[in-house]
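Participant: Starting off with a structure, shown below.
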Amino acid sequence: MENFTEILQLKINLAGIILSFNVKTIIMTWIVMVALILFALLARKKMGLVPNPFQIVAELLITAIYNLCIDTLEDERLGKKYFPLICALFMFLLLSNWLGVIPKLCEPTRDLNTPLGMGILGFVIAQYAGIKEKGLKQYIKDYLDPIFFMAPLNIIGEIAKVVSISFRLFGNIMGGAIIIIVVSYLVYGILLPPLLNLFFGLFVGTVQAFVFTMLTLVYIAVQVK
């Protein structure tokens, strides 16, 4: 059974401050990024009226997410502006969640730092979008609604969004990995664990990537309105 407590760490001493990095997560993340770059290169190679398979997948994915951004933000200008972020976020999370299906590889999203980092990124961009679209005065005023002493609760509510979406993704991916390992141990890896691996990796991984991305898009939409 895999030991989740054994983590290969890279430690760097920076002016007396020890920085620790999960080497496995870093490697898996780089694998995902390289795969996405290769997919983009293959999709744009020999583009034409008769598209290659990679171009077909890319066009379907881009069209779906682009329309989703415009429908959610209810503004074509904003949809075009935040579409690249939302598309990149979904593709990164989707491939990260699928990575665990491949033997000897694991999901970067199994490490809490990855979904938490994505959650913080979404939070910062949502706040920036709110200030950019409404102005600083109106942005601050929204936190004082309905009365000024509700501001602390409104701020806590915003921070809670980061915790919520990050732990939801982490919990589902880590929970799926634990279930697969426990079942594999009980039935000695016969038939059922591979099916569970496909279920959690492909189906649950796809759903969780979409939910995370959609919530990030909704948080941006709430701030700009």
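The values are calculated or read from the model by the stated rules, or taken from the named source; none is laboratory data. It should be emphasised that the depicted structure is a prediction, and the values quoted were computed from it without experimental measurement. Quick reminder, even Gly has a Cβ in these numbers, built from the backbone with ideal geometry, and neighbours come from all protein chains shown.
Participant: Could you tell me which residue of the range 117-155 is nearest to SER166 (Cα to Cα), considering only residues that are of a type in the set (A, V, I, L, M, F, W, C) and surrounded by 14 or more Cβ atoms within 10 Å (Cβ to Cβ)?
Facilitator: The extreme case among them is MET118.
Participant: Being under 12 Å from PHE83 (Cβ atoms) and either in contact with a helix residue (DSSP H, G or I) (Cβ under 8 Å, 6 or more places away or on another chain) or not in a helix (DSSP H, G or I) (or both) is the filter here, so list the residues in the range 38-68 that pass it.
Facilitator: LEU61, ILE62, ILE65, TYR66, LEU68
Participant: Which condition number in (1) under 16 Å from THR216 (Cβ atoms); (2) touching a residue at least 12 places away in the same chain (Cβ under 8 Å) is the one that LYS81 fails?
Facilitator: Looking at each condition in turn, LYS81 falls short on (2).
Participant: Quick check on my filter: what residues within the range 69-83 are over 23 Å from the mean Cα position of the chain (by Cα) and part of a helix (DSSP H, G or I)?
Facilitator: Residues of the range 69-83 that are over 23 Å from the mean Cα position of the chain (by Cα), as a first pass: 75-77.
Scanning the range 69-83 gives GLU76, ARG77.
Participant: Which residue is modelled with the highest pLDDT, if the candidates are limited to the range 36-63 and must be of a type in the set (Gly, Ala, Ser) and loosely packed, with under 14 Cβ neighbours inside 10 Å?
Facilitator: First, the residues of the range 36-63 that are of a type in the set (Gly, Ala, Ser): 40, 43, 48, 58.
Cutting the leftovers down to loosely packed, with under 14 Cβ neighbours inside 10 Å gives us 40, 48.
Working: ALA40: 90, GLY48: 70.
Going through the qualifying residues, I end up with ALA40.
Participant: Hey, another quick one. Might you check whether a residue that is at pLDDT 85 or above, over 18 Å from PHE212 (Cα atoms) and crowded, with 18+ Cβ neighbours inside 10 Å occurs anywhere in the range 7-26?
Facilitator: There is at least one residue in the range 7-26 that is at pLDDT 85 or above, over 18 Å from PHE212 (Cα atoms) and crowded, with 18+ Cβ neighbours inside 10 Å.
Participant: Have a look at MET174, MET118 and point out the one that is modelled with pLDDT under 80 and under 30 Å from ILE27 (Cβ atoms).
Facilitator: Within the list MET174, MET118, the selection yields MET174.
Participant: State whether the residues of the range 66-79 include one that is within 19 Å of VAL163 (Cα to Cα) and modelled with pLDDT of 90 or more.
Facilitator: No: the range 66-79 contains no residue that is within 19 Å of VAL163 (Cα to Cα) and modelled with pLDDT of 90 or more.
Participant: Next up: Only one of these is under 25 Å from LYS81 (Cβ atoms) and either assigned to a helix (DSSP H, G or I) or not charged (D, E, K, R) (or both): ILE156, ILE165. Name it.
Facilitator: Unique residue meeting the criteria: ILE165.
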